[in-house]
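Here's the structure we're looking at; comments come further down.
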Amino acid sequence: SALLERSLQVVHSGAVDVEVAVGIAFQTDAKLKLCVSLSPDALSISTGAGTSEISIEVPGLFRRIAACYATGHVIAKSLESDQFKSLPDPFVGRFSAFRVSADDLKRTILLDDAVLVGAGGVGNGFMWAASELDIQGRLTIADPQKIAVGGLNRCLYFTPDDVKHSGAKATVLAERT
């Protein structure tokens, strides 16, 4: 929901346009229903009826990757554009395609004074994903630009209040992660 709220307006009108079932049965009569299932090996997103299941063995980073795919599907299916008609249904993404195993994600990552250049959308996404890993060492975040309202939809660690306070992106990101 954190990703969706950055891209779509949430309106509390009583009517539901889109329902995403993640690990539960559908609860509404929404026009668009997406069923998301996760196993240690794959993510599946289908429209309409389906059984949504989530395995507790799915690593946090794979869950975050699945959230990104699910958000993209909600946006694409909501637009009802011809360019998205070719999305497979069900969409199945295999985590092995990333060439990283669940065991790899348990290993400690040692940084030797690494630098993350850019604290906007990519930097926020990197830090959001990295929070699921055991990272030790030093990471310098470099970005002299100030937070702008136009980038808030891509930056989970920034809020509209940050635009008013004119802090540098790097400083705010480092403080929040």
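The values are calculated or read from the model by the stated rules, or taken from the named source; none is laboratory data. Keep in mind it's a predicted model, so treat the numbers as computed, not measured. Backbone-built Cβ (ideal geometry, glycine too); neighbour counts: all protein chains shown. Side chains are part of the model used for accessible areas, which takes the heavy atoms of the whole protein and leaves out ligands, DNA and RNA. Shrake-Rupley method; radii C 1.70, N 1.55, O 1.52, S 1.80 Å.
General observations
- Lys/Arg +1, Asp/Glu -1 at C-beta; the chain dipole; positive extreme among THR171, ILE45, VAL100: THR171
- Counted charge near GLY118, where neighbours are those whose Cβ lies closer than 12 Å (Asp, Glu -1; Lys, Arg +1): +1
- In order along region 68-80, the phi-based Karplus estimate (6.51 cos²θ - 1.76 cosθ + 1.60, θ = phi - 60°) of 3J(HN,Hα) comes to 5, 5, 4, 4, x, 5, 4, 5, 4, 5, 5, 6, 6 Hz; Gly and Pro are listed as x.
- Here the Karplus relation 6.51 cos²θ - 1.76 cosθ + 1.60, evaluated at θ = phi - 60°, turns the backbone of region 144-156 into coupling constants of x, 6, 8, 6, 10, 4, x, x, 4, 5, 9, 10, 5 Hz, with x for every Gly and Pro.
- Distance (nanometres) between label positions extended 7 Å along Cα→Cβ at LYS85 and ASP103: 4.6 nm
- The chain, dipole about Cα centre (Lys/Arg Cβ +1, Asp/Glu Cβ -1), debye to the nearest 20: 280 debye
- The mean accessible area for residues of the chain, using a 1.4 Å probe and ignoring ligands and nucleic acids, is 62 Å² per residue.
- Rounded to two decimals, the Cα-based Rg/Rh of region 95-146, with Kirkwood Rh, is 1.03.
- When the GluC sites (Glu not before Pro) in region 5-81 are filtered for DSSP coil states and for at most 15 other beta-carbon atoms within 10 Å of their beta-carbon, the remaining sites are GLU53, GLU57, GLU80.
- Percent accessible area from carbon and sulfur atoms, the chain, protein chains only, probe 1.4 Å: 54 percent
- Helical content alone sets the calculated 222 nm signal of the chain at -8000 deg cm²/dmol, taking -39,500 (n - 2.57) per DSSP H segment of four or more residues and averaging over every residue.
- Count Lys and Arg as plus one, Asp and Glu as minus one, and take only other residues whose Cβ is under 15 Å from that of GLN145; the net charge is then +1.
- Exposed-site-free run, longest, the chain (rule: trypsin sites (Lys or Arg not before Pro); DSSP loop; at most 16 other C-beta within 10 Å): 108-177
- Distance distribution note for region 27-97: the fraction of Cα pairs above 21 angstrom is 24%.
- Eligible aspartates and glutamates near LYS164 by straight Cα distance, threshold 13 Å, same-chain separation 8 or greater: none
- Proximity of backbone amide H atoms, modeled 1.01 Å from N, is registered between LEU111 and GLN136, GLY137, ARG138 at under 5 Å, excluding neighbours fewer than 5 places apart on the same chain.
- Listed by chain and number, the lysines whose alpha-carbon sits under 26 Å from that of LYS77, ignoring those within fewer than 8 places in the same chain, are LYS31, LYS33, LYS85.
- Counting only the Cα atoms, region 59-177 fills a convex hull of 128 Å³ per residue.
- Per-residue 3J(HN,Hα) values for region 102-111, derived from phi via the Karplus relation 6.51 cos²θ - 1.76 cosθ + 1.60 with θ = phi - 60°, read 4, 5, 4, 6, 8, 6, 6, 9, 9, 9 Hz in sequence order (x marks Gly and Pro).
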